[in-house]
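Participant: After the structure tokens below, expect a handful of questions from me.
What follows draws every value from the coordinates through simple rules; no lab data is involved. What you see is a predicted model, and the numbers here were worked out from it, not measured in a lab. Cβ placement follows ideal geometry from the backbone for every residue including glycine, while neighbour counts extend to all protein chains displayed.
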Amino acid sequence: MIIAGWVVMIVGAVVVLLLPQVSSPYVLFVATEVLLYVPLAIGQNLITGNTGVLSMGHAALYGVGAYTTGVLVSHIAIGVPLTLLASAGAAALVGLGVSLTTQRIRGDYLFIVTIGLNFIFLDVVNNSTWSGAATGLFAIAPPAGGLLAVTTPARFFYLSLGVAALCVLISLAILRSRFGRAMEAVRDDPLVAATMGLKEVPIKAGIFGVAGAMAGLSGCVLAYFLGSVGPQDFNSNISLLIFEMVIIGGLGSVSGSVLGAIVLIAVPEFLRSVQEYSLGIGGVLIVVMMVLRPEGVLGSWRTAR
Amino acid sequence: MASSDSLLEVRNISVYYGSFRALEDVSYTVGPGSVVCLLGGNASGKSSSMKAIFGTVPLRTGSIRFEGQRIDGWTTAKRVAAGIAAVPEGRRVFANLSVRENLELGACTLRDGRAVRTYLDAVFDQFPQLRERQGQMAGSMSGGEQQMLAFGRALMSRPKLICMDEPSMGMSPALVSRNFKLIKSIRERGTAVFVVEQNARAALKIADYAYVLRTGSVMLRGPAEQVATDPQMQAAYLGHTPLAATVPPAAH
Amino acid sequence: MITFVQQVINGAAAGSVYALLAVGYNMVYGLLGFINFAHGDLYMFSTFIVLAMVTLHVPFWGAVAVGMVAACFLGMSVERIAYRPLRTANRIAPTVSAVGVALVLENAAQVIWGPATRPFPTPLPQGLFRVDGVVITAMQIVILLTAAAIAVALRVGVYHTSWGRKLRAIRDDLPTAELVGISVNRLVSSVYAVGAALGLISGVLFAAYYNSVYVTMGLTGTLNAFTAAVLGGIGSIGGSFAGGLALGLLQSLGAGYISSGYQNTITFVVLIVVLLLRPNGMFGKLTAARA
Ligand SMILES: Nc1ncnc2c1ncn2[C@@H]1O[C@H](COP(=O)(O)OP(=O)(O)O)[C@@H](O)[C@H]1O
Ligand SMILES: [Mg+2]
């Protein structure tokens with residue numbers, strides 16, 4: 001069994017690595033898109049699945065990363081590694097700030113407040129000159145020849161793959177660490193966690209920071225990938241989509257989040273006939289999963305809120 | 001035992017909370033106009049028995065008949081409409097509703113508005129204090145008055161059976177004896193009473209029949225005077241310490 | 001001064017629309033302690049149904065009647081299918097389920113009616129009056145009168161009918177309400193129907209006021225109404241009106257004196273500040289929270 005598992009993983013890894021060589025440009029494009037969503041789903045999963053915070057503002061963190069790249073690139077000739085870092089940093093700071101500001105707000109209220117984050121983000125970029133207002137920023141390209149110069153679709157694919165793999169590894173490492181257990185203790189019962197000396201506020205803020213950084217990385221790659229950023233790329237529907245990925249994949253599960261990203265991005269792309277209905281089909285899936293097995297989907301969530 | 005003469009016939013019921021077994025193969029019979037008391041230590045399944053009768057917990061096995069009809073598939077509302085009323089544990093009145101509204105809700109399964117007014121007057125006649133305070137919020141009354149309101153509310157539907165879950169819990173001796181007098185007067189009007197009590201000695205004095213539960217099973221049953229003199233009962237409950245002292249008030 | 005009065009009038013009209021939507025939240029929240037996240041999408045969807053009927057040349061009031069029946073039916077179905085099985089589950093589960101419902105409604109509306117903003121023709125009066133430089137539209141008057149009438153009707157319904165008595169009993173103590181013989185499920189169902197019907201009225205007024213119907217008004221409706229509910233005290237029916245008006249005024253004065261581009265930001269900043277200062281809403285009782 002274990003050997004079979006390894007074989008599947010190795011074959012899978014080889015296929016993924018060779019994808020740019022064997023697939024059509026369209027398949028590669030879709031694969032890159034899926035990979036861009038992996039860090040987002042994984043971050044959302046850390047927040048909602050493992051720490052138990054209902055949050056639906058992930059698109060804003062994603063947007064902060066993308067706009068950071070857009071603004072930096074249009075002002076200074078800066079290489080990809082630095083923009084990745086700066087975008088991750090900016091989105092991490094926003095995530096941290098959001099968590100610290102809203103720490104006293106109760107679970108289901110916080111859900112609504114974080115939806116507001118999308119709207120606040122859109123208000124800001126739509127009404128500012130640095131962000132190109134409603135039209136956004138254009139001609140976002142890395143300097144030719146620099147380190148990680150992403151100029152071909154294959155290179156975009158590998159960059160996204162690298163970022164996604166990094167986020168998966170970070171997520172797994174966190175979950176296996178003491179911090180990961182602390183997150184789940186806070187999720188399962190904040191009162192018990194408090195008696196164990198675990199501090200809810202810094203734990204939640206930390207995880208929002210990490211998830212923000214991951215979203216920032218994705219945003220940066222997206223900005224290069226599209227060559228432009230605009231408000232329409234980061235509206236609340238994107239947040240809903242990310243949230244949906246994590247629920248469908250199973251809250252708390254890293255591999256589930258990756259699967260959620262694949263299902264919600266690739267399936268509608270390849271099954272054109274269902275594309276139009278993908279959000280709604282996801283919605284039906286969510287309701288069915290909740291009604292049939294709320295505990296199963298919600299993993300070990302035991303507390304009442 | 002096809003007892004067409006019994007009012008409530010609970011047969012071989014089991015109740016589970018998840019995998020936890022609260023009642024196992026328990027049967028009760030309440031005859032029309034009789035007083036039956038249910039005794040038992042803390043967490044022995046007394047409240048679960050009441051919940052089963054009202055259908056607020058599902059049955060794993062067994063059946064419940066009321067006036068010969070199977071009621072275990074019915075909604076709570078339908079059971080109440082059929083003539084079973086509750087005096088819930090912990091004298092739960094609707095605190096933010098007026099006394100009068102609380103009483104009117106006791107008759108919410110009745111269709112006939114004129115009857116409701118007649119019954120309301122009858123309850124006010126029985127409890128003149130409630131008439132005086134009919135406009136007051138129920139939550140602002142004393143514990144004893146709230147208990148009176150809970151009784152009045154149960155009487156409002158003119159039920160054939162009233163199920164009471166520890167009506168004397170936490171009450172002063174004077175109020176406890178008032179409760180027992182009330183139960184007697186309810187019986188005199190032909191209404192049957194199924195009452196959970198911690199005060200075994202007093203309960204056995206007014207009851208016709210008694211059941212004693214232990215960890216979800218009926219440990220002892222029989223006519224009240226027989227149960228009162230049963231050696232097992234003597235040892236467990238009716239020694240020199242009153243039951244209330246040996247059995248702390250139940251949490252449920 | 002004229003601007004100020006003008007903004008107050010505009011804000012009161014918009015706020016009344018929010019209030020009618022917020023009532024649906026607050027009634028459900030007061031009963032079950034649950035935020036019906038799909039309420040705004042239901043309001044959007046049923047308003048589209050009215051528009052579709054009007055497009056099919058059904059007379060306006062007939063279209064509104066159809067929309068109202070559809071809204072009630074949808075509201076009750078959603079409760080039955082997606083929320084009732086989860087009433088005793090973990091608190092997160094119904095919230096997530098509601099998100100699923102919202103997605104379905106939004107997607108369905110998008111597929112059926114498209115993403116474009118549609119005009120909303122109505123026979124409601126469109127004239128305007130000028131008083132000392134302040135403009136009052138006939139629609140604003142219609143909105144304010146409708147909201148006031150509904151506020152009175154709700155007050156009567158909740159405090160002077162047997163339906164309202166049962167509703168308050170459930171809100172007070174659901175298990176005991178069940179024990180006295182109230183059909184809790186039926187009443188909860190009726191509350192969803194009433195909430196959806198008021199949502200439809202709110203949607204029709206909104207659509208007529210701004211002469212537009214669009215899919216994303218569902219989510220913004222959810223957010224505005226929820227903010228209004230929090231401002232007025234979550235779970236309090238009367239608070240919906242106070243909160244709706246307060247939010248309408250804040251947005252309108254914010255647009256007039258700060259910037260019209262930051263309406264949503266103003267809404268959320270207000271929401272966050274209120275939640276930080278008063279976790280149960282501006283006028284909310286601390287007992288409103290339920291496990
Ligand atoms: N809702 C519930 N969920 C889980 N266990 C319960 C629940 N209600 C009661 N129990 C358990 O069932 C047993 C019987 O409870 P109950 O019928 O309330 O006893 P009593 O009224 O005799 O004190 C107890 O062990 C109690 O902990
Ligand atoms: Mg008990």
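Participant: In degrees from 0 to 90, rounded to the nearest 10, what is the angle of the helix C:184-210 Cα long axis to the longest principal axis of chain C?
Facilitator: Rounded to the nearest ten degrees, it is 10.
Participant: Assuming R0 = 56 Å, what is the FRET efficiency of A:Leu166 and B:Glu188, from their Cβ-Cβ distance, to the nearest 0.05?
Facilitator: Working from the Cβ atoms, E equals 0.10.
Participant: Right, next: About its Cα centre, what dipole magnitude does chain A give when the only charges are +1 on Lys and Arg Cβ and -1 on Asp and Glu Cβ, stated in debye to the nearest 20?
Facilitator: 600 debye
Participant: Using Cα atoms only, what is the angle between the long axis of helix C:60-78 and the major principal axis of chain C, expressed in degrees (0 to 90) to the nearest 10?
Facilitator: Helix C:60-78 sits at roughly 30 degrees to that axis.
Participant: Return the average number of partner chain Cβ atoms within 10 angstrom of each residue Cβ along peptide C:84-92.
Facilitator: Details: counts 1, 5, 4, 0, 0, 7, 9, 7, 15.
Other-chain Cβ atoms within 10 Å of each residue's Cβ, averaged: 5.
Participant: Sticking with this structure for a sec: Cα centroid distance between the range C:104-153 and the range C:14-91, in Å?
Facilitator: 17 Å
Participant: I've got another one for you. Quantify how much of the Cα-Cα distance distribution of the range B:1-102 extends past 16 Å, in percent.
Facilitator: 62 percent
Participant: How well do other chains shield peptide C:106-114, expressed as the mean number of their Cβ atoms within 10 Å of each residue Cβ?
Facilitator: On the way: counts 5, 10, 4, 1, 5, 4, 0, 0, 0.
That works out to 3 on average.
Participant: Where the centre of each part is set by its Cα atoms, how far does the range A:88-133 sit from the range A:225-251, in angstrom?
Facilitator: For the range A:88-133 versus the range A:225-251, the Cα centre distance is 15 Å.
Participant: Hey, what's the Kirkwood Rh for chain B if you take every pair of different alpha carbons, in angstrom? Intermediate results must be reported in sequence, preceding the final value.
Facilitator: Numbers: mean 1/r = 0.0542 Å⁻¹.
Taking every pair of different Cα atoms in chain B, averaging 1/r and inverting gives 18.4 Å.
Participant: Could I ask something else about it? Would you please calculate the Kirkwood hydrodynamic radius of the range A:27-234 over all C-alpha pairs and express it in Å, rounded to one decimal?
Facilitator: The answer is 17.3 Å.
Participant: Of all beta bridges DSSP finds with both residues in the protein assembly as shown, what is the antiparallel percent, to the nearest 5? Write down the numbers at each step before the final one.
Facilitator: Numbers: 27 of 45 bridges.
Expressed as a percentage, antiparallel bridges in the protein assembly as shown total about 60.
Participant: Let me ask something else about it. Quick check on packing: order A:23-31, A:154-162 by the mean number of other C-beta atoms within 10 Å, highest mean leading.
Facilitator: A:154-162, A:23-31
Participant: Also: Can you order the peptides B:198-207, A:187-196, C:129-138 by their average number of other Cβ atoms within 10 Å per residue, highest first?
Facilitator: Ranked from most to least packed, the peptides come out as B:198-207, A:187-196, C:129-138.
Participant: Among A:Tyr224, C:Leu144, A:Asn50, which residue has its Cα positioned farthest towards the positive end of the charge dipole of the protein assembly as shown, with +1 placed on the Cβ of Lys and Arg, -1 on the Cβ of Asp and Glu, and the dipole taken about the Cα centre?
Facilitator: Value: C:Leu144.
Participant: Now a separate question. Give me the Å³ per residue figure for the convex hull around the C-alpha atoms of the range B:95-152.
Facilitator: Looking at the range B:95-152, the number lands at 69 Å³ per residue.
Participant: Find which of A:Ile140, B:Pro32, C:Ala197 sits farthest along the positive direction of the dipole of the protein assembly as shown, computed with +1 on the beta-carbon of Lys and Arg, -1 on that of Asp and Glu, about the Cα centre.
Facilitator: B:Pro32
Participant: Would you mind computing Rg(Cα) / (2.2 N^0.38 Å) for chain C, counting N as its residues?
Facilitator: Numbers: Rg = 18.6 Å, N = 291, 2.2 N^0.38 = 19.0 Å.
It is 0.98.
Participant: Taking the range A:210-286 on its own, what percent of its Cα-Cα pair distances exceed 21 Å?
Facilitator: 32 percent
Participant: Given B:Lys205/C:Lys166; A:Lys199/C:Lys166; B:Lys46/B:Lys184; B:Lys46/B:Lys160; A:Lys204/B:Lys51; B:Lys78/B:Lys205, which pairs have Cα atoms separated by over 31 Å?
Facilitator: Working: B:Lys205/C:Lys166 38 Å; A:Lys199/C:Lys166 43 Å; B:Lys46/B:Lys184 21 Å; B:Lys46/B:Lys160 21 Å; A:Lys204/B:Lys51 41 Å; B:Lys78/B:Lys205 33 Å.
Violating the 31 Å limit, Cα to Cα: B:Lys205/C:Lys166; A:Lys199/C:Lys166; A:Lys204/B:Lys51; B:Lys78/B:Lys205.
Participant: Taking the alpha-carbon set of the protein assembly as shown, what are its Rg and Dmax in Å?
Facilitator: My reading of the Cα-based Rg and Dmax gives 31.4, 100 Å.
Participant: If you take the Cα atoms of the range C:87-196, find Rg, then find the Kirkwood Rh from the mean of 1/r over all pairs, what is Rg/Rh?
Facilitator: Using Cα coordinates only, the ratio equals 1.12.
Participant: May I pose another question? Rounded, prolate or oblate: which fits the range C:9-74 when a ≥ b ≥ c are the square roots of the eigenvalues of the alpha-carbon gyration tensor, with rounded for a/c under 1.5 and prolate only if a/b beats b/c? Spell out each step's value before the answer.
Facilitator: Values: a/c = 2.79, a/b = 1.46, b/c = 1.91.
Because a/c hits 1.5 or more and a/b fails to exceed b/c, the range C:9-74 counts as oblate.
Participant: Could you sort the peptides C:113-125, B:163-175 by per-residue average Cβ neighbour count (10 Å cutoff), highest mean leading?
Facilitator: Order by mean packing, descending: B:163-175, C:113-125.
Participant: For chain A, what are the DSSP H helices with axial Cα length of 24 Å or more and mean Kyte-Doolittle hydropathy of at least 1.0?
Facilitator: Counting only whole DSSP H runs, the qualifying helices are A:2-22, A:25-44, A:80-101, A:107-126, A:153-176, A:200-226.
Participant: Something else now. Calculate the mean, over all residues of peptide A:274-287, of how many other protein chain Cβ atoms lie within 10 angstrom of the residue's Cβ.
Facilitator: 6
Participant: Same structure again: Nearest 10 degrees, 0 to 90: what angle lies between the long axis of helix C:92-113 and the longest principal axis of chain C (Cα atoms)?
Facilitator: 40 degrees
Participant: Still on this structure, please answer the following. If each Cα of the range B:2-54 is one equal point scatterer, what is log10 of I(q)/I(0) from the Debye formula at q = 0.13, 0.19, 0.31 Å⁻¹?
Facilitator: At q = 0.13, 0.19, 0.31 Å⁻¹ the computed log10 ratios are -0.35, -0.69, -1.35.
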